[in-house]
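Participant: Handing you this structure, nothing more for now.
Bear in mind that the values in this text are calculations on the coordinates, not laboratory data. Keep in mind that this is a model prediction, so the values were computed, not measured. Cβ: placed from backbone, ideal geometry, glycine included. Neighbour counts: every protein chain shown.
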């Protein structure tokens, strides 16, 4: 039975790679760009290259022409850590970095695409569609010859107006609790943390799909077909709704981007994430049975 199941998954992967099988409802490959393609896009007058690393790292050296927007610039830490900042804060930050509503924003980091993806998600939530993440970030751009400098560019302030919050991209604690209490079979809760964190406790019904496996070992995102195969094998198809979370939904944003870029559209990020869920005594927590985990590990060895 196990062999037959493996063969079915293998066949599904081959079918997808051949371009057949289920089709994604959204256009794929539009949100993540290679470093080489990013450099070509930088020739346009409306492009702003954004360094999403911590501000202190930016001050110590950055890629030529980039402006700094760190995680701290786009989050608030109340009532929980790393929550989505209000629109006024986002408007101020973007405008001060020379980003207007007509800007093409190219984002990079050196943190497994996490902070770049979180900024991408933030801009999408507030209606800015022309934003892309550079796969592999700082290292990939340096490999393509972009100069690392210790001087920052002068910035001409711009006007950025946030659109009304796109609530279809966000899951609340109530949304998650409703799914736990009355599961919709078409909805999947995805825990993007490590297996070790998952085993210590998770949201009931969640599947563990560690965000790091969206990347190759060099930190670049895996291509669309690899992402499709990974999630379809986990039972997450294009007609599913997916609620993604991690500890504070920074890693969750990286997985959100991977799925969106692969054509998935019915996606929600549980912004308050595990820090909210686990601190509310009214919320159930599922802890996998260690004997079952040991048996599964033995079966897979």
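Participant: Among the residues of region 28-44, which ones are in contact (Cβ under 8 Å) with a residue 40 or more places away in the chain and not in a strand (DSSP E or B)?
Facilitator: 28, 29, 30, 31, 34, 35, 36, 38, 39, 41, 42, 44, listed by residue number.
Participant: When you check residue 243 against the structure, is it in contact with a helix residue (DSSP H, G or I) (Cβ under 8 Å, 6 or more places away or on another chain) and under 13 Å from residue 270 (Cβ atoms), yes or no?
Facilitator: yes
Participant: Let me ask something else. Does residue 193 fit the bill of being under 20 Å from residue 95 (Cβ atoms) and within 13 Å of the chain's Cα centre (by Cα)?
Facilitator: No, not satisfied.
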